[in-house]
Amino acid sequence: MEDMYGIKYSRPEVVLLQETGLGVAETAARTCYDSFENSENEVIKHIEENMPNHEMCEDINSIEDSTLLDDLAWTYFHHSILEHANLSFLVRGTSRGVLQEHARHRMQAISVRSTRYTMSSIINAFVASKHGGDKDFFIDKILGFNMFVTLDKEYNKIEIGAIYDKLEYQSKIVEDFHSIAVAKSSIPFIEELEGNAEALFKALEAGKKKRNVGDAFKHIVTDNVKVDMVVTFNLRSLKNYFTLRDSGAAYFQIKWLAQAMMKATPSKYLDLIVKKK
């Protein structure tokens with residue numbers, strides 16, 4: 001929990017899902033210089049005379065250290081060979097605001113929790129609040145979703161109240177709001193459970209989800225909404241990411257994310273891309 005500019009925020013969680021190792025990067029570098037015989041790694045030396053078989057490839061991918069890579073990274077600044085090593089991270093609890101910053105890093109693969117497909121519970125809570133509940137029902141229900149990086153309960157109530165007001169306005173100007181809000185098979189629940197907001201919400205949650213429900217409602221969420229994502233960087237791009245995002249000039253939330261990613265990155269990679277202090 002961090003207090004920034006008077007508002008408390010949660011920090012993201014990060015785990016390293018997979019790493020390709022350093023062996024392919026050294027193989028690439030040795031290929032450039034035709035210097036396989038100079039490697040301290042025996043399996044790399046054998047590439048001079050043999051095309052790697054499956055067993056050799058496994059050994060290559062288990063390499064933990066390479067003097068050549070260290071020299072190229074810090075003495076000769078030949079960083080293109082770092083592009084042959086990749087790391088994938090699972091990120092939980094960063095913000096939509098951070099996504100705007102991430103988009104500026106071109107060399108990455110990123111898959112993000114989709115608002116098109118994952119907003120049903122919010123819309124279900126609103127529909128239930130209109131048929132047996134009220135704005136307070138909606139606010140209390142959404143508070144339980146833990147959907148914001150901001151942690152101040154009263155501040156989050158303001159955020160949720162604004163979401164309610166947007167949906168309320170939209171519901172008045174759309175001819176058939178229910179048709180865009182819930183699946184056709186769930187519409188009968190609204191009449192059957194009129195007056196019982198909690199029962200209606202549970203029925204809508206248990207029913208079929210409206211496909212692409214977020215298409216009509218993406219406008220209701222703000223940069224404070226949490227998102228989860230899987231992001232893959234090659235080592236050269238990760239070096240650029242850490243350099244820019246773990247700095248005093250970085251937006252504080254993406255700086256927190258960069259720091260969490262660094263913590264999850266094995267030292268054998270960090271030694272090649274982060275200067276020792």
Output for segment 34-87, where each listed residue is in contact with a His (Cβ under 8 Å, 6 or more places away or on another chain) and within 22 Å of SER237 (Cβ to Cβ): LEU72, ALA73
Index of the failed condition, ASP228 passing every other in (1) closer than 30 Å to HIS84 by Cβ; (2) loosely packed, with under 15 Cβ neighbours inside 10 Å: (2)
Close pairs from segment 255-270: first over 13 Å from GLU2 (Cβ atoms) and assigned by TED's automatic domain parsing to the domain that holds GLN100, partner among the aromatic types (Phe, Trp, Tyr) and in a helix (DSSP H, G or I), Cβ under 8 Å, at least 6 apart: ALA258/TYR241; ALA258/PHE242; MET261/TYR241; MET261/PHE242; MET262/PHE242
Selection from segment 123-149 of residues that are farther than 16 Å from ILE220 by Cβ and either of a type outside the set (A, V, I, L, M, F, W, C) or outside any helix (DSSP H, G or I) (or both): HIS131, GLY132, GLY133, ASP134, ASP136, ASP140, GLY144, ASN146, VAL149
Qualifying residue in segment 206-213 (condition: part of a helix (DSSP H, G or I), at negative phi and outside the structural domain of ALA85 (by TED's automatic domain parsing)): yes
Residue match in segment 123-144 (condition: out of contact with any Ser or Thr (no Cβ under 9 Å at 6 or more places or on another chain), within 30 Å of VAL15 (Cα to Cα) and without any contact (Cβ under 8 Å) to a residue 12 or more places away in the chain): yes
Within segment 240-254, considering residues that are closer than 17 Å to GLU2 by Cα and hydrophobic (A, V, I, L, M, F, W, C), the one surrounded by the most Cβ atoms within 10 Å (Cβ to Cβ): ILE254
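Give segment 67-91 a look and list any residue that's small (Gly, Ala, Ser) and more than 21 Å from LEU257 (Cα to Cα), or say none.
Here is the first cut: in segment 67-91, the residues small (Gly, Ala, Ser) are 73, 80, 85, 88.
Answer for segment 67-91, where residues must be small (Gly, Ala, Ser) and more than 21 Å from LEU257 (Cα to Cα): ALA73, SER80.
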Residue match in segment 149-159 (condition: touching a residue at least 12 places away in the same chain (Cβ under 8 Å), aliphatic (A, V, I, L, M), in the same structural domain as LEU200 (by TED's automatic domain parsing) and more than 29 Å from ALA260 (Cβ to Cβ)): no
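Results for (1) under 30 Å from HIS84 (Cβ atoms); (2) surrounded by 13 or more Cβ atoms within 10 Å (Cβ to Cβ), shown as yes or no for each residue.
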| site | (1), (2) |
| --- | --- |
| ILE110 | yes, yes |
| ASN124 | no, yes |
| ILE160 | no, yes |
| ILE163 | no, yes |
| TYR169 | no, no |
| ALA181 | no, yes |
| SER185 | no, no |
Number of positions in segment 68-127 that are within 30 Å of LEU143 (Cα to Cα) and either touching a helix residue (DSSP H, G or I) at 6+ places or on another chain (Cβ under 7 Å) or of a type outside the set (A, V, I, L, M) (or both): 30
Every residue from segment 187-225 that is among the charged types (D, E, K, R) and surrounded by fewer than 20 Cβ atoms within 10 Å (Cβ to Cβ): GLU191, GLU192, GLU194, GLU198, LYS202, GLU205, LYS208, LYS209, ARG211, ASP215, LYS218, ASP223
Flag if ILE142 is assigned by TED's automatic domain parsing to the domain that holds VAL182, crowded, with 22+ Cβ neighbours inside 10 Å and not small (Gly, Ala, Ser): yes
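The values are calculated or read from the model by the stated rules, or taken from the named source; none is laboratory data. Predicted model, so just to flag it, every value in this text is computed and none were measured. For neighbour counting, all protein chains shown are included, and Cβ atoms are generated from backbone atoms with ideal geometry for every residue, glycine included.
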